[in-house]
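Worksheet: one structure, shown below.
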Amino acid sequence: MNDIYNILQHYFGYSSFRPMQEDVIRRVMGGGDCLVLMPTGGGKSICYQVPALALEGTAVVVSPLISLMKDQVEALRANGIEAEALNSGNDFSRDTIIRRKLVSGQLKLLYVSPERLLSEIDYLLKQIPQISLFAIDEAHCISQWGHDFRPEYTQLAQLREAFPSVPMMALTATADKVTRTDIIKQLRLKGEVFISSFDRPNLSLSVKRGYSTAEKQRFILNFIKARPTEPGIVYCLSRKNTEAVSAMLQKHGVSTAPYHAGLSQHDRDTAQEQFKQDNVQVICATIAFGMGIDKSNVRWIIHYNMPKSIENFYQEIGRAGRDGAPADTVLFYSLQDVVQLSQFARESGQRDINLDKLHQMQQYAESQVCRRRILLNYFGELSDHDCGNCDVCENPPRRFDGTRLVQMALSAARRANEQIRTSTIIEILRGMNSGVVQRMHFDRLPTFGVGRDTSAQDWQDYLLQMLQLGYIEIAYDEHSRVVITPTGEDVLFGRRKAELAVIDRQQQATKKPRRRLGLEIPTITIPGMAPTAGTEDSRLFEALRQLRKRCADEEGFPPYIVFSDKVLHALATQKPTTLEAFGYIPGIGDHKRQKYGTRFLAVIQKFV
């Protein structure tokens, strides 16, 4: 087993494994199966890449996305490892070359789509001299309870029949208990379940409630301008919003591109490639469309709308900070999101399950306790302390006696026989002569105009809080009319008071991002020399970032495949001046030390 440490250091530049990685590797190298749950950026790929290099033969990795395979193969090659991918993106000549390499035993890892693998079980796979292991990545796609269910994944049990003695591991970042059980059953796994911590302490978590479209756009623009060199993703619920946000950012000089299923394959591929190469800073994407990239230097994620489940949300924010360096996440949340997503859930084939998942996502967004504790609890990981890196921990909400405001809104709903939507309640309270108000003569109600001193945006927020507090319900299957609950009746008739949270619309996005939180730069220890430490030089970091981009452009690689942001932060802090010291930076293996060391040291020398 000492070989696995040599492999880890030589190829990947790390001297120790993360928690649970070694246990998984030992299990697979001993011939056993396993299910591995690790968060995005938690090091799942090391769990099969290290044993693939240590064992005789070729490891076969099943992956659902062509772009993700491409990223993984490029990263392995950059570390001096022979790897290829078989999928529909290859032409005939490329496939022929890969087949020859496989049959001659030249490849240590083969990435393959599930569709392609199923068609090759009795053909190409049988011609490979020796298969060391099967790794099923994104294994939640196997289960009908998973959030990205793919029917072809359910047929992967054929691998067990065709290759009964080859160890198999299933890996995923997001699977609740029901999904885990289904994965084991579908793949006929006979082995252990390894569940790593789902905590990503380097991700800050923040929710912005009840913002208008203009407020959202202003916040996003200020947020990005405070991070002019940092790549990020804006997730939207609709194609229309994706296009609108992208156009708004472009208008203000931000390099961005839209990415959704309505675009041509060429346009999607171009946008994704430009983002990977750091030629485009921001991608605006629909939340239903997976990016499928392993870009480690995404520094922030913004959800323009609320996702439909915690699994979706966790997977999407997990695309930030994969290198372990600090990253920011912001979720916008509004009453309209709840209404629209509830409608989608009711019209889906799994109505009750999807409504329950949406309700749990809504509880996260509405929470007044540490958000990280809610996420961890959802995945079965109990936490007994607050994280200190979410908006609730940093700014506990202030409350006030909102009984009179709640009574106004409830009275408007009651006098309209509880047959109106929230938008009409606001029109009545604000004294707005809309078409509905005039047609239904709501301008004659005693409550017409009683709340004109409160803005429409604030009323929207207060109504959302009333929904959260259980004073009202929305009958989604009855044209989304507002219904007063028994608890709401008690407030309406003065039998109990109602506390509301103070609305804070301060634009905090202009604050400079905190770059040190969660980023640990280890002290370099070189045999025979005293340990070295230092303070990060921001100018050096930028110079190294520019050199990384030049190296990447020369080779046709994304910059993050040359070195991660975390490696650049370490170089800008430790400032090594010899090849030996350069190679002791975590994340720099022997191949990259020889390949890039001289060029990066030349830049560092200018700042020492």
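The values are calculated or read from the model by the stated rules, or taken from the named source; none is laboratory data. None of the values given here were measured: they were computed from a predicted structure. Reconstructed Cβ throughout: ideal geometry from the backbone, glycine too, with neighbour counts over all protein chains shown. SASA here: full protein model, heavy atoms, side chains in, ligands and nucleic acids out. Shrake-Rupley method; radii C 1.70, N 1.55, O 1.52, S 1.80 Å.
General remarks:
- Boolean, PHE448 is touching a His at 6+ places or on another chain (Cβ under 8 Å) and either modelled with pLDDT of 90 or more or on the phi > 0 side of the Ramachandran plot (or both): no
- Matching residues in the range 565-596 - criterion: being surrounded by 20 or more Cβ atoms within 10 Å (Cβ to Cβ) and either over 22 Å from TYR5 (Cα atoms) or hydroxyl-bearing (Ser, Thr, Tyr) (or both): ASP565, LEU568, HIS569, LEU571, ALA572, THR573, GLN574, LYS575, PRO576, TYR584
- Any chance ILE526 is outside any loop (DSSP other than H, G, I, E, B), at pLDDT below 80 and surrounded by 13 or more Cβ atoms within 10 Å (Cβ to Cβ): no
- Yes/no for PHE223 being assigned to a helix (DSSP H, G or I) and within 19 Å of the chain's Cα centre (by Cα): yes
This table checks each residue for (1) surrounded by fewer than 21 Cβ atoms within 10 Å (Cβ to Cβ); (2) among the aliphatic types (A, V, I, L, M); (3) in contact with a helix residue (DSSP H, G or I) (Cβ under 6 Å, 6 or more places away or on another chain).
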residue	(1), (2), (3)
ASP3	yes, no, yes
TYR11	yes, no, no
ARG18	yes, no, no
ARG27	yes, no, no
ALA54	yes, yes, yes
ARG77	yes, no, no
GLY89	yes, no, yes
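- Leading residue by the ranking (modelled with the lowest pLDDT) among those in the range 278-296 that are open to solvent by 10 Å² or more (accessible area, probe 1.4 Å) and not hydrophobic (A, V, I, L, M, F, W, C): GLY290
- Of the numbered criteria (1) within 22 Å of the chain's Cα centre (by Cα); (2) open to solvent by less than 40 Å² (accessible area, probe 1.4 Å); (3) within 14 Å of LEU467 (Cα to Cα); (4) of a type outside the set (Phe, Trp, Tyr), the one LEU358 fails is (3).
- Number of the exception - VAL482 against (1) modelled with pLDDT of 90 or more; (2) surrounded by fewer than 18 Cβ atoms within 10 Å (Cβ to Cβ); (3) in contact with a strand residue (DSSP E or B) (Cβ under 6 Å, 6 or more places away or on another chain); (4) among the aliphatic types (A, V, I, L, M): (2)
- On inspection, GLN281 fails the criterion of being without any contact (Cβ under 8 Å) to a residue 40 or more places away in the chain and polar (S, T, N, Q).
- Subset of the range 393-427 that is at pLDDT below 95 and part of a helix (DSSP H, G or I) - its residue that is farthest from PRO486 (Cα to Cα): GLU394
- Which numbered condition ALA509 fails, given (1) buried (at least 17 other Cβ atoms within 10 Å of the Cβ); (2) at pLDDT 80 or above; (3) under 30 Å from GLY321 (Cα atoms); (4) of a type outside the set (Phe, Trp, Tyr): (2)
- Per-region count, the range 212-226, residues open to solvent by 20 Å² or more (accessible area, probe 1.4 Å) and in contact with a strand residue (DSSP E or B) (Cβ under 9 Å, 6 or more places away or on another chain): 1
- One residue alone among ARG430, ARG399, ARG452 is within 25 Å of ARG495 (Cα to Cα), open to solvent by 70 Å² or more (accessible area, probe 1.4 Å) and not acidic (Asp, Glu), and that residue is ARG399.
- Some residue of the range 379-392 being part of a helix (DSSP H, G or I) and in contact with a Leu (Cβ under 9 Å, 6 or more places away or on another chain): yes
- Here SER45 passes the criteria (1) small (Gly, Ala, Ser); (2) closer than 14 Å to ILE7 by Cβ; (3) assigned to a loop (DSSP other than H, G, I, E, B) except the one numbered (3).
- The listed residues are GLY80, GLY89, and the only one of them that is more than 23 Å from PHE194 (Cβ to Cβ) and in contact (Cβ under 8 Å) with a residue 40 or more places away in the chain turns out to be GLY80.
- Residues that are among the charged types (D, E, K, R) and open to solvent by less than 50 Å² (accessible area, probe 1.4 Å), drawn from the range 257-277: ARG268, LYS276
- Among (1) out of contact with any Cys (no Cβ under 7 Å at 6 or more places or on another chain); (2) without any contact (Cβ under 8 Å) to a residue 40 or more places away in the chain, the one test that PRO397 misses: (2)
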